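Heads up, the thing below is written out as structure tokens.
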Amino acid sequence: MIRHMSTHPARSLSRVLEDLGSTLLDLVHGDAGRVVEIGGVGIHDPHDEQHYPPHAIVLGNGVHGAANIAELLRDLKDHDAAALVVRGPIEDGGHLEQVVAETRVALLALTRGASWAQLAAMLRTLLSEGDVGEAEEHTLGGVPSGDLFALANAIATLLDAPVTIEDRRSKILAFSGGQDAADAPRVESILARQVPERYLRLHEEHGVFKELYRSGGLVHVPAPTLGDEVALPRVAVAVRAGDEFLGSVWAALREPLTREREAAFLEAAKLVALHMLRFRAGTDAEHRLRADLVATALEGGAGAIAALGRLGLVDEPTLVMALGLPPGQGDDHAHVTAEHHRLAAALAVHLSAVQPRSAVALLGDVAYALFPVPDDAARAGERAVQVAANFLQRTGERAGAVIGIGSVASEPAALARSRANADRALRVLLSGRSAERLAAIADVYVDALLLEMRDLAISNRDELSGPLARLAAYDAKHNAHLVETLRAWLDAFGDVIAASASVFVHPNTFRYRIRRVAEVGQIDLQDPAARFAAMLQLRLMHDGGVRA
């Protein structure tokens, strides 16, 4: 049974450097042991107001030069950040070491070629950012349950060789330390979190994957030869749960494994399967729990405060965003469902980057986001619109997603109203009344009211009455165009020239028709109340709310 474990706390900076160090991150200056509880991951944006969780690791994408790095370190001191990551190599001549000592913010360098997005994903995996509730501490084989990085390090210690744990698509789920002692293809795999395509094709041609799928033992892979690249031999073992193939574990070898180590590797694969199953089950359970907490908070009842407390949102104003897809996205229900889940997950990642305390859950066909905002309601609305607009821009128009934004809830009881307003704004966008993909309730309030009046008219089985009923009956009997004429006249604010052009008739003909409107409909077009009533009925008639 595997007993090797890291001596550093799971959310500490020392643990991050132990798991990702040398391959991805280097400690340039600072004390890695100072912060034992990292609060999360933040992304630096020089053009926006920053909100970081306490003791955050901040990713300084695009920050170059000693002067700019020093300025950001001093700013992060005020945010109580744990560390700053910038692209390496860093040349400062010793000045930054003094700044790090003053600010007590560690300075890390990201290896050239590594992706910022992949680093953010790996950090969040390591830190288990987004966990809700109080989970009991479980271990499997002496390793914290679901901690694949700790397990990879434990297996690497047993084999004395760097190890990767991969899913069934050869995506890197976790890796051990010491990858720099392997070879260039392994380092490339770590940086991209994916085995290079050229090696996947080579393994496919040599039947490596076929052997993995059908074999219960170790699969020995000779050193591959691709041009001038130098690679080490590999040994791999399949990870299975019953008949289900979950993935594989790969070790890069500088010398063959002994029989004892081969046996240990086979036993370790069984333990990896348990961890992968527990990790998968834990993730599913967490998503369900998070959805339940968000749903409870949105109801605004007695349990809302407790739910917001577990989500970490109880003490600040919050507004609700509602993300949906327009109808007509295809007849494939599975595809539409998968698209809803994909967009909800993407929205959660996007919001966590700008506001780590955000919470997102997919409830039915709508993804709801609880978005903490500043006390200034006007500024909060602008901030939410900007964040949502950035998300829609990144997802592109192909997805067709639209977002409605509700009102600011200054207390938990008001969240239900914020959700209702977000739903109202979303409905306006989905109805086609607006060509926009994003709207706050304040911007589409009248359109939302009209939709609700249409619902009321439909439920009451209302029919046209008064002047509009008389005009519609006359049109039906005489094949006239009096309703169309009235609508054009009202839309043009009584401008006969503009109104006649919109319906393609001569102005004199239009003047005659508008006189007939007043006579047949018995309507005083000089009366503002009569004009408003006619406009409202015309709008409801156009939307199908009342029957002619």
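Per-structure values
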{"item": "Meets criteria (touching a residue at least 60 places away in the same chain (Cβ under 8 Å) and either buried (at least 19 other Cβ atoms within 10 Å of the Cβ) or under 20 Å from residue 210 (Cβ atoms) (or both)) for residue 192", "result": "no"}
{"item": "Which listed residue is modelled with pLDDT under 85, under 28 Å from residue 149 (Cβ atoms), not assigned by TED's automatic domain parsing to the domain that holds residue 193 and not aromatic (Phe, Trp, Tyr), from 108, 73, 59, 17", "result": "17"}
{"item": "Options 389, 369: the member that is under 22 Å from residue 42 (Cβ atoms), modelled with pLDDT of 85 or more and buried (at least 23 other Cβ atoms within 10 Å of the Cβ)", "result": "369"}
{"item": "Residue, farthest from the chain's Cα centre (by Cα), within segment 233-278, restricted to residues that are within 18 Å of residue 154 (Cβ to Cβ), part of a strand (DSSP E or B) and free of Cβ contacts under 8 Å to residues at least 60 places away in the same chain", "result": "235"}
{"item": "First in segment 474-493 and surrounded by fewer than 22 Cβ atoms within 10 Å (Cβ to Cβ), second anywhere and outside any helix (DSSP H, G or I), Cβ under 8 Å, 6 or more apart", "result": "474/480; 475/481; 476/548; 481/503; 484/503"}
{"item": "Subset tally (residues that are surrounded by 21 or more Cβ atoms within 10 Å (Cβ to Cβ) and in a loop (DSSP other than H, G, I, E, B)) for segment 21-51", "result": "5"}
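The values are calculated or read from the model by the stated rules, or taken from the named source; none is laboratory data. Keep in mind it's a predicted model, so treat the numbers as computed, not measured. Please note: Cβ atoms are built from the backbone with ideal geometry, for glycine as well, and neighbour counts cover all protein chains shown.
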